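The values are calculated or read from the model by the stated rules, or taken from the named source; none is laboratory data. Predicted model, so just to flag it, every value in this text is computed and none were measured. Cβ sites come from the backbone with ideal geometry, for glycine too, and all protein chains shown count toward neighbours.
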Amino acid sequence: MPVVSLSIPETMLKEMDELERSYGFTGRSELVRAAIRLMVNEDRERASVSGETSGLVVVTHDTDEEEPVTQLKHEYDAIIKTHIHSKLTASTCIELFLVHGDAKKVGAMSKAFQAQDEMKSSRFIQV
């Protein structure tokens, strides 16, 4: 199996180690492989949707990381029907986007949020 080197922020490494213990993985590599499998499966599901679709894009981020959210919100304004912003804690915000439109555009929006390092989490839920 090829070896791949990764740079991971210290806070994320601590979270990985906690997940490793709580899920019973035998090491970090096993955890990373499982996470990649989840992302590949999610991408396949998103790619299989065609035509028009509706759903929620749910994003969490630090309160001081609003700029990437604002930029993407403007970029995908045509498919965003409703946007709700709320502070979960003093340092974390959640963004809920109700989206409707071409499945490829909705998928691209979801991927764009996932690709942002500033996002703590990003999830698309088809409805």
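Considering only residues of the stretch 61-84 that are surrounded by 13 or more Cβ atoms within 10 Å (Cβ to Cβ) and in contact with a His (Cβ under 7 Å, 6 or more places away or on another chain), which is nearest to ALA103 (Cα to Cα)?
ILE79
Looking at the structure I just gave you, is THR11 hydroxyl-bearing (Ser, Thr, Tyr) and surrounded by 10 or more Cβ atoms within 10 Å (Cβ to Cβ)?
no
Of the residues LYS105, LYS81, only one is closer than 23 Å to SER48 by Cβ, touching a residue at least 12 places away in the same chain (Cβ under 8 Å) and part of a strand (DSSP E or B); which?
It is LYS81.
Run down LYS104, LYS120, LYS87 and say which single residue is farther than 29 Å from THR11 by Cβ and either in the same structural domain as VAL59 (by TED's automatic domain parsing) or exposed (fewer than 11 other Cβ atoms within 10 Å of the Cβ) (or both).
LYS104
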